[in-house]
1. I'd like the distance separating the alpha-carbon centroids of segment 54-113 and segment 269-330, in whole Å.
2. Given the options Pro286, Ala157, Val144, identify the residue whose Cα lies farthest towards the positive end of the charge dipole of the chain (+1 on Cβ of Lys, Arg; -1 on Cβ of Asp, Glu).
3. If each DSSP helix of 4+ residues adds -39,500 (n - 2.57) and the sum is divided by the residues in the chain, what number results at 222 nm, nearest 500 deg cm²/dmol?
4. What dipole magnitude, in Debye to the nearest 20, does the chain give about its Cα centre under +1 on Lys/Arg Cβ and -1 on Asp/Glu Cβ?
5. Tell me the per residue accessible area of the chain using a 1.4 Å probe; a whole number in Å² is fine.
6. Among Phe248, Thr181, Ile169, whose Cα projects farthest towards the positive end of the dipole of the chain, with charges put on the beta-carbon of Lys, Arg (+1) and Asp, Glu (-1)?
7. Among DSSP beta bridges lying fully in the chain, give the percent that are antiparallel, nearest 5.
8. With a 1.4 Å probe and all protein chains left in place, how much of the accessible area of the chain comes from carbon and sulfur atoms, in whole percent?
Amino acid sequence: MTTRPLQDRHFRKLNYLRISVTDRCNLRCIYCVPRETLPRLAHTDILRYEEILRIVRIGVALGIDKIRITGGEPLVRKGLMDFLHQLQAINGIREVNLTTNAVLVGPFLEELHAAGVRRLNISLDTLRRERFARLAGQDCFDQVWDNILRAFDLGFAPLKINVVAMQGINDDELTEIAALTRQQPFQVRFIEYMPMGNPQLPNDPFISNEDVRRRIASLGNLEPVARGANDGPAERYRLAGAIGEIGFISPRTQHFCGDCNRLRLTASGHLRPCLLSDRELDIKAPLRRGADDRELTDMFIRAARAKPSRHQLGAECGQPVASQMNSIGG
Ligand code: SAM
């Protein structure tokens, strides 16, 4: 079945699907995982791989050609490598990428590469071992760092290091983290903290990216890097002579909704039109009721129509987002 490419009411073409394959995670990052222990999704409530593949095929017929796998932590789910091979084999998929905390990725790096994954986004909010343990609930810094270096040696590129900049948590080392790019060919990306769900943090630790830029100014000028067709929302820069890049993703101070080309599929089987708006459409229910392709196509079209022109989260927090980040996947 061929259908017209997916477009929302604001004429944005949606060709990018972010899929959370699990709500479970091996880490308990204080800014992501909720304060109270929420019940995890029952196995039967999580989309099976074959269900995700069916949904993706419907999306591909509507112009989806780029996929990012996220979680929870995608590598805690069994069978991920076979699933990635199957995804990659779908005619029309241009790229399949992965977001991970890189703790468990080591033994899978070669196979990930063989499965065609090239773009890895790795979350790392500190270069200090003890701080990592406090922030993420487990002492895994060395493992993560080794895996980052190995991933680079294996040819994953670009290798993006996602850093959520947070007041009183890691703001004293942002310069050090940015300076990494002088010696390492990574793209370090500072992400503004987004208040979602009920995180373990007592206060909003928000630092604007403008503030981050001021803090790292001692490293020298940031030279803009030309944007590529495949770029996401990051504004990209380079320090003079550096081999890596510094990017800024500023959802609270410079929303980039005008260029948003994304839909999300949650682990529980909901299409989510906007990360920062709680509206979701249940695609799992019709799928499990035996819906035909036309009905599922219609779900995508309805999700596209429900995409707001922009989200409502600003520097002053605005409308809080009820969903937990770890159930959507960022
Ligand atoms: N477990 C994987 C990981 O750690 O990369 C994938 C899931 S995680 C939810 C995806 C991304 O969301 C990470 O880069 C994480 O730093 C980011 N993230 C989580 N909570 C956030 C928040 N409240 N504000 C901004 N970014 C957040």
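The values are calculated or read from the model by the stated rules, or taken from the named source; none is laboratory data. Treat the numbers as computed from the prediction; the structure is a model and nothing was measured. Note that each Cβ is placed from the backbone with ideal geometry, even for glycine, and that neighbours are counted across all protein chains shown. These accessible areas exclude ligands, DNA and RNA; they are computed on the full protein's heavy atoms, side chains included. Shrake-Rupley method; radii C 1.70, N 1.55, O 1.52, S 1.80 Å.
1. That distance is 20 Å.
2. Of the listed residues, the answer is Pro286.
3. -7500 deg cm²/dmol
4. Dipole size: approximately 860 debye.
5. Values: 14450 Å² over 330 residues.
Normalised by residue count, the accessible surface of the chain is 44 Å².
6. Phe248
7. 30 percent
8. 49 percent
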